[in-house]
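The values are calculated or read from the model by the stated rules, or taken from the named source; none is laboratory data. Here the structure is a predicted model, which is why all the values come from computation and not from measurement. A quick note on method: Cβ atoms are made from the backbone with ideal geometry, for glycine too, and the neighbour counts reach across all protein chains shown. Ligands, DNA and RNA are excluded from the accessible area calculation, which covers all protein heavy atoms including side chains. Shrake-Rupley method; radii C 1.70, N 1.55, O 1.52, S 1.80 Å.
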Amino acid sequence: MSGDGSPPLPVVVRDAAETDMPAVQTIYAHYVLHSLATFEETPPTLADMIARRRKSVENGLPYLVAEKNGETLGFAYAGLYHARPAYRFTVEDSVYVAPGFARRGVGSALLGAVIERCERGPWRQMIAIVGDSANAGSIALHRRFGFDPAGVLKSVGYKSGRWVDTPILQRPLGTGDAKPPAFRSDLLVSRRRRSILLCRPRPIDDDRLPAATVSGYPRTRASAIRPRRSPAAGHSPGRAAGALRRRR
């Protein structure tokens, strides 16, 4: 039985497609406008939601929907916890159930599937950042799946006329921190922002150095990338560039 005594709904959990995003956007807009589960105050557009799904998928992370008889009853996904490279083995989960279907097993089906999918990959920790200390349903859901409380950030949000806490829960994925990861993430230097972005992880031998793809240059080891030196006095930058092209 579910939390309110109703029988759990038999749902199908599958990868979300772009055609699912209108229903996903509608579900999420409800929480933006009528709850403290998310700290957004203006519902994202359909284009925004499509872009968010694409970002998770491009990082090799799950973005799932739960449906019954063709009706979308909820969605869940994992995203990178933070963009800085040292966080690359930690993800954050999000679960949203359509209004009227809470405590019917939909959230459990979605969260269980997200955890299982993430444990197939290189990720070792999953973080849940819950909107509002009074969000007992979300906290209980995560506790059932092995999340432990990691702390509470007090009054870090202000929404609907009041200060809002964010409880943080955490659980290991796979072997957790029992041993070093056996995967790495390629580094990509963005052509537009020249910032380091995280790409899809893939397995390598642990003793190999990380590699990088640099705009305009062939793929090489990160240790081979050096800051460009200023040309010496009397030295022609044009000749230096020509020499570099010849060496390539």
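Structural remarks
- Consider the range 64-76 and keep the residues that are open to solvent by 10 Å² or more (accessible area, probe 1.4 Å) and not β-branched (V, I, T). The one that is nearest to V114 (Cα to Cα) is E67.
- Odd one out for N69 among (1) in contact (Cβ under 8 Å) with a residue 12 or more places away in the chain; (2) more than 19 Å from the chain's Cα centre (by Cα): (1)
So that you can scan it fast, the table gives a plain yes or no per residue for (1) in contact (Cβ under 8 Å) with a residue 40 or more places away in the chain; (2) open to solvent by 50 Å² or more (accessible area, probe 1.4 Å):
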| site | (1), (2) |
| --- | --- |
| I27 | yes, no |
| Y31 | yes, no |
| E41 | yes, yes |
| L46 | no, yes |
| G60 | yes, no |
| Y81 | yes, yes |
| V95 | yes, no |
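- The set of residues from the range 4-24 being among the acidic types (D, E) and open to solvent by 30 Å² or more (accessible area, probe 1.4 Å) comprises D4, D15, E18.
- Only one of the numbered conditions (1) touching a helix residue (DSSP H, G or I) at 6+ places or on another chain (Cβ under 6 Å); (2) of a type in the set (S, T, N, Q); (3) assigned to a strand (DSSP E or B) is violated by S94, and that is (1).
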